[in-house]
Amino acid sequence: MFIATAVVSVLLAAILVVSARGKLVRDPRQVETLTRVGVTDRALPLLAAAEIAGALGLVAGLFWWPLGAAAAVGVIAYFVGAVGSHLRIRDFNVVAPVVLLVAGGAALTLRVLTY
């Protein structure tokens, strides 16, 4: 079970880091999507920081489970907000944030089960 926890946590962390990088370098596709859902340019570094913190917490949580569980809860909250931001403007293209929300739920479930 720990191997599954490690695989899910590390893969999700890698995706979060790639996403954070896109926000920090102002990737045009990310900026377009974020602008459409109402995210301001000033919020991009904050969102990137949240993703980086989540990634670090997921990986560090492999060594101290409470941190991993807390990071997974934060990732879940982040993507609940992302899905909500899309649905608020009636943008139903939510596959990516829903998949990452589910991955966060899997990371939390696995982390708690391997305690």
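Could you list, in sequence order, the residues of segment 63-110 that are surrounded by fewer than 16 Cβ atoms within 10 Å (Cβ to Cβ), β-branched (Val, Ile, Thr) and touching a residue at least 40 places away in the same chain (Cβ under 8 Å)?
Result: ILE89, single match.
Across segment 18-51, what is the total count of residues that are β-branched (Val, Ile, Thr) and under 14 Å from GLY104 (Cα atoms)?
The number of residues fulfilling the criteria is 0.
Can you say whether VAL37 is in contact with a Gly (Cβ under 9 Å, 6 or more places away or on another chain), more than 16 Å from LEU100 (Cα to Cα) and surrounded by 14 or more Cβ atoms within 10 Å (Cβ to Cβ), as far as the supplied structure shows?
Here the answer is no, as VAL37 does not meet what is asked.
Residues that are closer than 19 Å to ILE15 by Cβ and among the hydroxyl-bearing types (Ser, Thr, Tyr), at least 2 per element: which helices (runs of 4 or more DSSP H) completely within segment 30-115 meet that?
Qualifying helices (runs of 4 or more DSSP H): 65-88.
Do you know which residues across segment 1-14 are buried (at least 16 other Cβ atoms within 10 Å of the Cβ) and under 19 Å from ALA48 (Cβ atoms)?
Passing the criteria: LEU12, ALA13.
List pairs: first in segment 26-50 and over 20 Å from ILE76 (Cα atoms), second assigned to a helix (DSSP H, G or I) and among the aliphatic types (A, V, I, L, M), Cβ under 6 Å, 6+ apart or cross-chain?
From residues that are over 20 Å from ILE76 (Cα atoms), there are no pairs.
No value in this document is a laboratory result; all are computed from the given coordinates. Because the structure is a prediction, the values reported are computed rather than measured. Neighbour counts run over all protein chains shown; Cβ positions are idealised from the backbone, glycine included.
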